[in-house]
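The values are calculated or read from the model by the stated rules, or taken from the named source; none is laboratory data. All values derive from a computational prediction rather than experimental measurement. Ideal geometry is used to build each Cβ from the backbone, glycine not excepted, and the neighbour counts take in all protein chains shown.
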Amino acid sequence: MRLLTAFCVLFGAVFLSTVSTEPSQAQQPGDIVWCHDETRSLSARKARWRCKGAVVSDEEAATIRDSRRRRINRSFAPSAKPAPDVKQQGTGTGFYVTGAGHVVTNHHVIDGCKAISVTPAGARKPIKAHLLAADPALDLALLQSVLPGKNFARFRAVPLLAGDDVAVVGYPLHGKVAIKPVHVRGHVSVDGGAPRPFMFAMKIDVRRGNSGGPVLDASGRIAGVVVAKVNTPGVYASTGKLVTNLGFGIRLPVTLEFLKKHRVAIATAKEDKALDDTQMANVAGSFVAQIGCWR
(Lines give C-alpha, C1' and ligand atoms only; values in the text may rest on other atoms or scores of the structure.)
Protein backbone atom coordinates (compact mmCIF):
# COMPACT_ATOMS: atom_id res chain seq x y z
CA MET A 1 0.00 0.00 0.00
CA ARG A 2 2.84 2.37 0.88
CA LEU A 3 4.44 1.51 -2.46
CA LEU A 4 1.22 2.34 -4.35
CA THR A 5 0.83 5.62 -2.47
CA ALA A 6 4.38 6.64 -3.26
CA PHE A 7 3.83 5.79 -6.93
CA CYS A 8 0.67 7.92 -7.07
CA VAL A 9 2.43 10.87 -5.47
CA LEU A 10 5.35 10.55 -7.87
CA PHE A 11 3.05 10.20 -10.92
CA GLY A 12 1.02 13.22 -9.83
CA ALA A 13 4.16 15.34 -9.50
CA VAL A 14 5.34 14.32 -12.96
CA PHE A 15 1.89 14.97 -14.47
CA LEU A 16 1.63 18.41 -12.89
CA SER A 17 5.10 19.29 -14.15
CA THR A 18 3.96 18.68 -17.74
CA VAL A 19 0.94 20.95 -17.50
CA SER A 20 1.60 24.50 -18.79
CA THR A 21 1.36 27.17 -16.18
CA GLU A 22 0.83 29.87 -18.87
CA PRO A 23 -2.55 31.65 -18.75
CA SER A 24 -5.16 30.60 -21.30
CA GLN A 25 -7.57 32.71 -23.31
CA ALA A 26 -10.33 31.47 -21.04
CA GLN A 27 -8.41 32.72 -18.04
CA GLN A 28 -7.87 36.15 -19.61
CA PRO A 29 -10.81 36.69 -21.96
CA GLY A 30 -10.31 40.46 -22.07
CA ASP A 31 -6.67 40.37 -23.15
CA ILE A 32 -7.21 39.40 -26.79
CA VAL A 33 -5.21 41.42 -29.33
CA TRP A 34 -4.50 41.65 -33.04
CA CYS A 35 -1.18 39.87 -33.59
CA HIS A 36 0.81 40.65 -36.78
CA ASP A 37 2.91 37.85 -38.27
CA GLU A 38 5.33 39.83 -40.47
CA THR A 39 6.74 36.76 -42.24
CA ARG A 40 3.30 35.90 -43.64
CA SER A 41 1.94 39.46 -43.64
CA LEU A 42 -1.04 38.19 -41.67
CA SER A 43 -2.89 39.51 -38.62
CA ALA A 44 -5.03 37.35 -36.35
CA ARG A 45 -6.83 37.60 -33.01
CA LYS A 46 -4.86 35.95 -30.22
CA ALA A 47 -4.30 36.10 -26.49
CA ARG A 48 -1.55 38.61 -25.85
CA TRP A 49 0.72 36.00 -24.29
CA ARG A 50 0.43 33.83 -27.42
CA CYS A 51 1.45 36.64 -29.79
CA LYS A 52 5.00 36.13 -31.08
CA GLY A 53 4.82 39.11 -33.46
CA ALA A 54 3.81 42.75 -33.11
CA VAL A 55 0.56 43.79 -31.43
CA VAL A 56 -1.35 46.11 -33.78
CA SER A 57 -4.50 48.22 -33.54
CA ASP A 58 -7.85 47.43 -35.17
CA GLU A 59 -7.10 49.99 -37.92
CA GLU A 60 -3.63 48.56 -38.59
CA ALA A 61 -5.05 45.03 -38.70
CA ALA A 62 -7.66 46.13 -41.25
CA THR A 63 -4.96 47.74 -43.41
CA ILE A 64 -2.83 44.57 -43.26
CA ARG A 65 -5.84 42.44 -44.14
CA ASP A 66 -6.84 44.65 -47.09
CA SER A 67 -3.26 44.73 -48.39
CA ARG A 68 -3.03 40.94 -48.24
CA ARG A 69 -6.37 40.57 -50.04
CA ARG A 70 -5.31 42.93 -52.83
CA ARG A 71 -1.98 41.13 -53.21
CA ILE A 72 -3.71 37.76 -53.50
CA ASN A 73 -6.24 39.16 -55.97
CA ARG A 74 -3.48 40.64 -58.11
CA SER A 75 -1.66 37.31 -58.17
CA PHE A 76 -4.78 35.74 -59.70
CA ALA A 77 -5.57 38.69 -61.95
CA PRO A 78 -6.69 37.70 -65.45
CA SER A 79 -4.18 38.30 -68.21
CA ALA A 80 -4.77 41.45 -70.21
CA LYS A 81 -3.92 39.64 -73.43
CA PRO A 82 -7.24 38.74 -75.09
CA ALA A 83 -5.91 36.42 -77.80
CA PRO A 84 -2.61 34.89 -78.99
CA ASP A 85 -2.49 37.06 -82.11
CA VAL A 86 -2.23 40.44 -80.34
CA LYS A 87 0.83 42.11 -78.87
CA GLN A 88 1.45 45.13 -76.72
CA GLN A 89 2.17 47.88 -79.21
CA GLY A 90 2.45 50.94 -77.01
CA THR A 91 2.60 52.17 -73.44
CA GLY A 92 1.69 55.24 -71.49
CA THR A 93 0.96 56.23 -67.92
CA GLY A 94 -2.20 56.53 -65.87
CA PHE A 95 -3.21 56.87 -62.25
CA TYR A 96 -5.92 55.50 -59.99
CA VAL A 97 -8.44 58.13 -58.85
CA THR A 98 -10.80 55.92 -56.78
CA GLY A 99 -10.65 52.81 -54.67
CA ALA A 100 -13.04 51.15 -57.13
CA GLY A 101 -10.39 50.95 -59.86
CA HIS A 102 -11.07 54.09 -61.93
CA VAL A 103 -7.96 55.17 -63.83
CA VAL A 104 -7.28 58.41 -65.72
CA THR A 105 -5.00 58.60 -68.76
CA ASN A 106 -4.79 60.33 -72.15
CA HIS A 107 -7.12 59.39 -74.98
CA HIS A 108 -4.21 59.09 -77.40
CA VAL A 109 -2.63 56.41 -75.16
CA ILE A 110 -5.55 53.99 -75.65
CA ASP A 111 -6.90 55.17 -79.03
CA GLY A 112 -7.41 52.23 -81.42
CA CYS A 113 -6.40 49.55 -78.89
CA LYS A 114 -8.06 46.13 -79.11
CA ALA A 115 -7.35 45.65 -75.42
CA ILE A 116 -6.09 47.83 -72.59
CA SER A 117 -3.99 46.82 -69.61
CA VAL A 118 -3.13 48.54 -66.36
CA THR A 119 0.00 47.54 -64.44
CA PRO A 120 0.24 49.20 -61.01
CA ALA A 121 3.71 50.01 -59.75
CA GLY A 122 5.22 46.87 -58.24
CA ALA A 123 2.70 44.49 -59.85
CA ARG A 124 4.02 41.34 -61.50
CA LYS A 125 1.70 41.31 -64.48
CA PRO A 126 -0.81 43.56 -66.26
CA ILE A 127 -4.47 43.70 -65.32
CA LYS A 128 -7.36 43.99 -67.75
CA ALA A 129 -9.03 47.38 -68.02
CA HIS A 130 -12.05 48.64 -69.92
CA LEU A 131 -12.64 52.04 -71.49
CA LEU A 132 -15.52 53.80 -69.71
CA ALA A 133 -15.37 57.24 -71.31
CA ALA A 134 -13.14 59.38 -73.50
CA ASP A 135 -12.92 62.96 -74.74
CA PRO A 136 -10.60 63.09 -77.77
CA ALA A 137 -10.79 66.90 -77.93
CA LEU A 138 -9.43 67.20 -74.38
CA ASP A 139 -7.26 64.07 -74.76
CA LEU A 140 -8.67 62.46 -71.61
CA ALA A 141 -9.82 58.88 -71.03
CA LEU A 142 -11.39 57.09 -68.08
CA LEU A 143 -10.65 53.40 -67.57
CA GLN A 144 -12.04 50.78 -65.22
CA SER A 145 -9.48 48.28 -63.98
CA VAL A 146 -10.88 44.86 -63.05
CA LEU A 147 -8.94 45.15 -59.78
CA PRO A 148 -8.27 48.22 -57.60
CA GLY A 149 -4.80 49.62 -57.11
CA LYS A 150 -2.84 49.84 -53.86
CA ASN A 151 -4.11 53.39 -53.33
CA PHE A 152 -5.69 56.26 -55.22
CA ALA A 153 -4.68 59.86 -55.81
CA ARG A 154 -5.91 62.94 -53.98
CA PHE A 155 -6.51 66.17 -55.88
CA ARG A 156 -5.71 69.76 -54.98
CA ALA A 157 -8.69 72.12 -54.92
CA VAL A 158 -7.27 75.11 -56.83
CA PRO A 159 -5.19 75.42 -60.02
CA LEU A 160 -1.45 75.94 -60.06
CA LEU A 161 0.14 79.35 -60.46
CA ALA A 162 3.10 80.34 -62.62
CA GLY A 163 6.33 79.37 -60.89
CA ASP A 164 4.76 76.68 -58.66
CA ASP A 165 6.86 73.56 -58.19
CA VAL A 166 5.58 70.39 -59.86
CA ALA A 167 6.62 66.78 -60.34
CA VAL A 168 5.78 64.35 -63.14
CA VAL A 169 5.67 60.63 -62.43
CA GLY A 170 5.36 57.95 -65.07
CA TYR A 171 7.02 55.48 -67.42
CA PRO A 172 9.10 57.55 -69.88
CA LEU A 173 10.93 56.05 -72.81
CA HIS A 174 14.69 56.29 -72.48
CA GLY A 175 15.46 54.05 -75.42
CA LYS A 176 13.26 51.41 -73.78
CA VAL A 177 10.21 51.45 -71.55
CA ALA A 178 10.90 52.18 -67.88
CA ILE A 179 10.21 49.20 -65.62
CA LYS A 180 9.63 51.28 -62.51
CA PRO A 181 7.91 54.68 -62.32
CA VAL A 182 10.30 57.59 -62.70
CA HIS A 183 9.71 61.05 -61.26
CA VAL A 184 11.22 64.35 -62.32
CA ARG A 185 10.77 67.84 -60.92
CA GLY A 186 10.20 71.23 -62.49
CA HIS A 187 7.90 74.21 -62.26
CA VAL A 188 4.96 75.82 -64.02
CA SER A 189 6.29 77.97 -66.84
CA VAL A 190 6.13 81.68 -66.16
CA ASP A 191 6.16 82.38 -69.91
CA GLY A 192 3.00 80.45 -70.72
CA GLY A 193 3.23 79.02 -74.21
CA ALA A 194 0.70 76.17 -74.00
CA PRO A 195 -0.58 75.21 -77.47
CA ARG A 196 -4.22 74.76 -76.35
CA PRO A 197 -6.43 76.73 -73.92
CA PHE A 198 -7.08 73.65 -71.76
CA MET A 199 -3.35 73.07 -71.27
CA PHE A 200 -0.60 74.69 -69.19
CA ALA A 201 3.16 74.68 -69.77
CA MET A 202 5.84 73.30 -67.44
CA LYS A 203 9.62 73.57 -67.46
CA ILE A 204 10.24 69.90 -66.94
CA ASP A 205 11.70 66.87 -68.75
CA VAL A 206 8.63 65.13 -70.18
CA ARG A 207 9.18 62.20 -72.56
CA ARG A 208 7.15 59.73 -74.58
CA GLY A 209 5.58 57.28 -72.16
CA ASN A 210 4.79 60.00 -69.60
CA SER A 211 1.53 60.71 -71.44
CA GLY A 212 -1.50 60.32 -69.20
CA GLY A 213 0.49 60.45 -65.99
CA PRO A 214 -0.12 62.75 -63.03
CA VAL A 215 1.24 66.24 -62.60
CA LEU A 216 1.78 66.59 -58.85
CA ASP A 217 2.19 69.67 -56.71
CA ALA A 218 4.83 69.92 -53.99
CA SER A 219 2.54 68.06 -51.54
CA GLY A 220 1.94 65.13 -53.89
CA ARG A 221 -1.59 66.13 -54.89
CA ILE A 222 -2.92 65.89 -58.45
CA ALA A 223 -2.62 69.24 -60.23
CA GLY A 224 -3.17 68.10 -63.83
CA VAL A 225 -2.52 65.35 -66.37
CA VAL A 226 0.61 65.09 -68.55
CA VAL A 227 -0.38 65.35 -72.21
CA ALA A 228 2.59 66.31 -74.42
CA LYS A 229 6.11 67.68 -74.76
CA VAL A 230 7.43 70.45 -76.94
CA ASN A 231 8.40 69.53 -80.49
CA THR A 232 11.97 70.82 -80.21
CA PRO A 233 12.96 70.26 -83.88
CA GLY A 234 9.69 71.75 -85.13
CA VAL A 235 9.98 74.85 -82.96
CA TYR A 236 13.60 75.34 -84.02
CA ALA A 237 12.72 74.95 -87.70
CA SER A 238 9.93 77.54 -87.50
CA THR A 239 11.41 80.04 -85.04
CA GLY A 240 15.14 79.39 -84.89
CA LYS A 241 14.86 78.99 -81.09
CA LEU A 242 16.08 75.90 -79.28
CA VAL A 243 13.38 75.07 -76.73
CA THR A 244 13.95 72.02 -74.52
CA ASN A 245 12.48 70.56 -71.33
CA LEU A 246 9.06 72.06 -71.95
CA GLY A 247 6.08 69.85 -71.22
CA PHE A 248 2.33 70.40 -71.21
CA GLY A 249 -0.38 69.30 -68.83
CA ILE A 250 -4.17 69.30 -68.92
CA ARG A 251 -5.44 71.90 -66.47
CA LEU A 252 -6.90 70.84 -63.13
CA PRO A 253 -10.43 72.33 -63.66
CA VAL A 254 -10.69 70.57 -67.03
CA THR A 255 -9.72 67.23 -65.48
CA LEU A 256 -12.13 67.65 -62.56
CA GLU A 257 -15.00 68.59 -64.87
CA PHE A 258 -14.34 65.51 -67.02
CA LEU A 259 -14.52 63.24 -63.96
CA LYS A 260 -17.61 65.00 -62.62
CA LYS A 261 -19.34 64.59 -65.98
CA HIS A 262 -18.82 60.84 -65.77
CA ARG A 263 -19.89 60.66 -62.11
CA VAL A 264 -16.53 59.78 -60.63
CA ALA A 265 -16.27 61.02 -57.05
CA ILE A 266 -12.69 61.99 -56.33
CA ALA A 267 -10.91 62.84 -53.06
CA THR A 268 -9.23 66.16 -52.38
CA ALA A 269 -6.53 66.97 -49.83
CA LYS A 270 -5.41 70.13 -48.10
CA GLU A 271 -1.98 71.58 -48.75
CA ASP A 272 0.66 69.91 -46.64
CA LYS A 273 4.42 70.21 -46.29
CA ALA A 274 6.54 69.74 -49.38
CA LEU A 275 7.67 66.16 -50.01
CA ASP A 276 11.27 65.19 -50.65
CA ASP A 277 12.20 62.90 -53.56
CA THR A 278 11.76 59.67 -51.60
CA GLN A 279 8.41 60.72 -50.17
CA MET A 280 7.18 61.88 -53.57
CA ALA A 281 8.18 58.58 -55.18
CA ASN A 282 6.43 56.59 -52.43
CA VAL A 283 3.23 58.62 -52.62
CA ALA A 284 2.98 58.56 -56.42
CA GLY A 285 4.09 54.93 -56.60
CA SER A 286 1.02 53.90 -54.64
CA PHE A 287 -1.42 55.06 -57.35
CA VAL A 288 0.50 55.42 -60.64
CA ALA A 289 0.28 52.66 -63.28
CA GLN A 290 1.63 51.78 -66.69
CA ILE A 291 -1.02 51.63 -69.41
CA GLY A 292 -0.60 49.04 -72.17
CA CYS A 293 -2.18 49.22 -75.63
CA TRP A 294 -2.70 45.81 -77.30
CA ARG A 295 -3.30 45.41 -81.02
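Here the condition is being of a type outside the set (Asp, Glu), assigned by TED's automatic domain parsing to the domain that holds Ser41 and either surrounded by 13 or more Cβ atoms within 10 Å (Cβ to Cβ) or at pLDDT 95 or above (or both); of Ile116, Ile110, Ile127, Ile64, it holds for Ile64 alone.
The number of residues in segment 175-195 being buried (at least 17 other Cβ atoms within 10 Å of the Cβ) and under 19 Å from Lys125 (Cα atoms) comes to 3.
How many of the residues in segment 244-267 are at pLDDT below 95 and surrounded by 14 or more Cβ atoms within 10 Å (Cβ to Cβ)? Please lay out each step first, then the result.
Residues of segment 244-267 at pLDDT below 95: 244-247.
Now restrict to residues that are surrounded by 14 or more Cβ atoms within 10 Å (Cβ to Cβ): 245-247.
Here the count works out to 3.
Screening Pro172 with (1) closer than 20 Å to Ala121 by Cβ; (2) at pLDDT 95 or above; (3) buried (at least 18 other Cβ atoms within 10 Å of the Cβ) gives one miss only, at (2).
Within segment 132-184, being within 20 Å of the chain's Cα centre (by Cα), under 17 Å from Ala284 (Cβ atoms) and hydrophobic (A, V, I, L, M, F, W, C) holds for Phe152, Ala153, Phe155, Val166, Ala167, Val168, Val169, Ala178, Ile179, Val182, Val184. Number of residues in segment 101-125 that are of a type in the set (Val, Ile, Thr) and not in a strand (DSSP E or B) equals 2. Would you tally the residues in segment 155-169 being in a strand (DSSP E or B) and crowded, with 18+ Cβ neighbours inside 10 Å? So the answer is 5.
The single condition among (1) farther than 12 Å from Gln290 by Cα; (2) in contact (Cβ under 8 Å) with a residue 60 or more places away in the chain; (3) under 18 Å from the mean Cα position of the chain (by Cα); (4) surrounded by fewer than 17 Cβ atoms within 10 Å (Cβ to Cβ) that Ala100 does not meet is (2).
Out of all the residues in segment 171-185, is one or more on the phi > 0 side of the Ramachandran plot and either in contact (Cβ under 8 Å) with a residue 12 or more places away in the chain or part of a loop (DSSP other than H, G, I, E, B) (or both)? Spell out the reasoning first.
First, the residues of segment 171-185 that are on the phi > 0 side of the Ramachandran plot: 175.
Within this subset, residues satisfying the condition of being either in contact (Cβ under 8 Å) with a residue 12 or more places away in the chain or part of a loop (DSSP other than H, G, I, E, B) (or both) are 175.
Looking through segment 171-185, at least one residue is on the phi > 0 side of the Ramachandran plot and either in contact (Cβ under 8 Å) with a residue 12 or more places away in the chain or part of a loop (DSSP other than H, G, I, E, B) (or both).
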